[in-house]
Amino acid sequence: MSILKGVGVALVTPFNEDLSVDFDSLTKLVEYNIDNGTNYLVVLGTTAEAATLSDDEKKQVIEHIIKVNNKRLPLVLGIGGNNTLEVKKQIEETDLSAFEAVLSVSPYYNKPNQEGLYQHYKVLASTGKKIIIYNVPSRTGQNIDADTTIRLAKEFPNLFMIKEAAPNILQYFDILRKKPEGFALVSGDDEYTLPVTLAGGNGVISVIGQGYPKEFSTMVQLALDGKVKEAYEIHNKLVDITRLIFAEGNPCGIKVILAEMGIIKNYLRLPLVPASEGLYAKIKAEMATI
């Protein structure tokens, strides 16, 4: 699965003023990323506000992205939840023929222990589908420990990758040191992308990357090529804008950038709201320096 290497972007879902899905803007976003070096696209992740999309809207978004992409970039589909058997059912019943893999977030709210997390992914692995484990404790309320990830990686080859977004970068390094051959790690934290890639990671599934695909994909490729100084020059240029877009939650910040670029309109669905005037001004000012 080395095809999922470099920069994957977790696409936002653009909305119109009436909060219907803005498919014209979604087309622009996909084309912008294809034209500017993004390596693969992640559909219906957290950044897509998938929790606020109806089943029909999710189906329409999936079909639209598949059509616009037209097999130009690999695709990954987000299917996750905190009802293990329901997630298994969705994975089994979804047509995944257009997708390289499923990105499945660990169960949120329930706060299972490490054995529960292991058993959850064991059930998902039984589908036989290629699955990317997604650890994001800030959203789920529970961390998948490195030892649990390694246990899963060794026992279930179709759990072939983890999108790691733990707040402790040492956890990334522990996984990279101990993982079996063939198991990959990508950063789920934009600011950790460069050090994690240099340490042996496969790049990132990124939020900021869809706003600056050329810069971010160049940085990651430089890292994969071992060109550390050049990669850090780009990293340092993007640190402030990366921090700003998460200041009031995701995806309100990246939607400011994409709106300022004329790619989408700046609308979100409740309970998320657009960036405050103050944050909007800071992001706009920082964009002028890049």
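The values are calculated or read from the model by the stated rules, or taken from the named source; none is laboratory data. In this text the structure is predicted, and so the values were computed from the model without any measurement. Please note: Cβ atoms are built from the backbone with ideal geometry, for glycine as well, and neighbour counts cover all protein chains shown. In case anyone asks, the SASA skips ligands and DNA or RNA and just uses the protein heavy atoms, side chains included. Shrake-Rupley method; radii C 1.70, N 1.55, O 1.52, S 1.80 Å.
Out of all the residues in the range 1-30, which are touching a Gly at 6+ places or on another chain (Cβ under 9 Å) and not small (G, A, S)?
So in the range 1-30, the residues touching a Gly at 6+ places or on another chain (Cβ under 9 Å) come out as 1, 4-11, 28.
Answer for the range 1-30, where residues must be touching a Gly at 6+ places or on another chain (Cβ under 9 Å) and not small (G, A, S): M1, L4, K5, V7, V9, L11, K28.
Looking at the range 153-176, which of the residues that are in a helix (DSSP H, G or I), open to solvent by less than 20 Å² (accessible area, probe 1.4 Å) and not β-branched (V, I, T) is farthest from E92 (Cα to Cα)?
First, the residues of the range 153-176 that are in a helix (DSSP H, G or I): 153-155, 169-176.
If we keep only those that are open to solvent by less than 20 Å² (accessible area, probe 1.4 Å) as well, we get 153, 172, 175.
Applying the additional criterion that residues be not β-branched (V, I, T) yields 153, 172.
Working: A153: 21, Y172: 30 Å.
Here the answer is Y172.
I'm trying to understand the selection: among the residues of the range 214-251, which are open to solvent by 40 Å² or more (accessible area, probe 1.4 Å), touching a residue at least 12 places away in the same chain (Cβ under 8 Å) and assigned to a helix (DSSP H, G or I)?
K214, E215, T218, Q221, L224, V228, Y232, K237, D240, R243
What pairs come out if I take residues in the range 80-101 that are under 24 Å from F183 (Cβ atoms) and in contact (Cβ under 8 Å) with a residue 24 or more places away in the chain and pair them with residues that are of a type in the set (K, R) and open to solvent by 40 Å² or more (accessible area, probe 1.4 Å) whose C-beta lies under 6 Å away, six or more apart or interchain?
From the range 80-101, the pairs are I91/K129; A101/K130.
In the range 137-152, is there at least one residue being open to solvent by 20 Å² or more (accessible area, probe 1.4 Å) and more than 20 Å from V105 (Cβ to Cβ)?
Initial filter on the range 137-152 (open to solvent by 20 Å² or more (accessible area, probe 1.4 Å)): 137-139, 141-143, 145, 147, 151.
In the following step, the residues that additionally are more than 20 Å from V105 (Cβ to Cβ) were identified as none.
There is no residue in the range 137-152 that is open to solvent by 20 Å² or more (accessible area, probe 1.4 Å) and more than 20 Å from V105 (Cβ to Cβ).
Picking from V76, V87, which residue would you name as being of a type in the set (A, V, I, L, M) and either under 20 Å from S206 (Cα atoms) or out of contact with any Ser or Thr (no Cβ under 8 Å at 6 or more places or on another chain) (or both)? First the steps, then the outcome.
Details: V87 fails: either under 20 Å from S206 (Cα atoms) or out of contact with any Ser or Thr (no Cβ under 8 Å at 6 or more places or on another chain) (or both).
After ruling out the rest, the residue left standing is V76.
With respect to L73, is the statement that it is under 19 Å from the mean Cα position of the chain (by Cα), part of a loop (DSSP other than H, G, I, E, B) and not charged (D, E, K, R) true? Before the answer, list the steps.
Details: under 19 Å from the mean Cα position of the chain (by Cα): yes; part of a loop (DSSP other than H, G, I, E, B): yes; not charged (D, E, K, R): yes.
So L73 fits the description; yes.
Being open to solvent by 20 Å² or more (accessible area, probe 1.4 Å) and among the β-branched types (V, I, T) is the filter here, so list the residues in the range 69-112 that pass it.
Result: T84, T94, V105.
Please enumerate the residues belonging to the range 46-65 that are open to solvent by 30 Å² or more (accessible area, probe 1.4 Å) and charged (D, E, K, R). Lay out the reasoning, then the answer.
The first filter runs over the range 46-65 and keeps only residues open to solvent by 30 Å² or more (accessible area, probe 1.4 Å), leaving 46, 51-52, 54-60, 62-64.
Result: D55, D56, E57, K58, K59, E63.
Which condition does P14 not pass, out of (1) touching a residue at least 60 places away in the same chain (Cβ under 8 Å); (2) out of contact with any Pro (no Cβ under 6 Å at 6 or more places or on another chain); (3) within 21 Å of V105 (Cβ to Cβ), if it passes all the others?
Unmet for P14, out of (1) touching a residue at least 60 places away in the same chain (Cβ under 8 Å); (2) out of contact with any Pro (no Cβ under 6 Å at 6 or more places or on another chain); (3) within 21 Å of V105 (Cβ to Cβ): (3).
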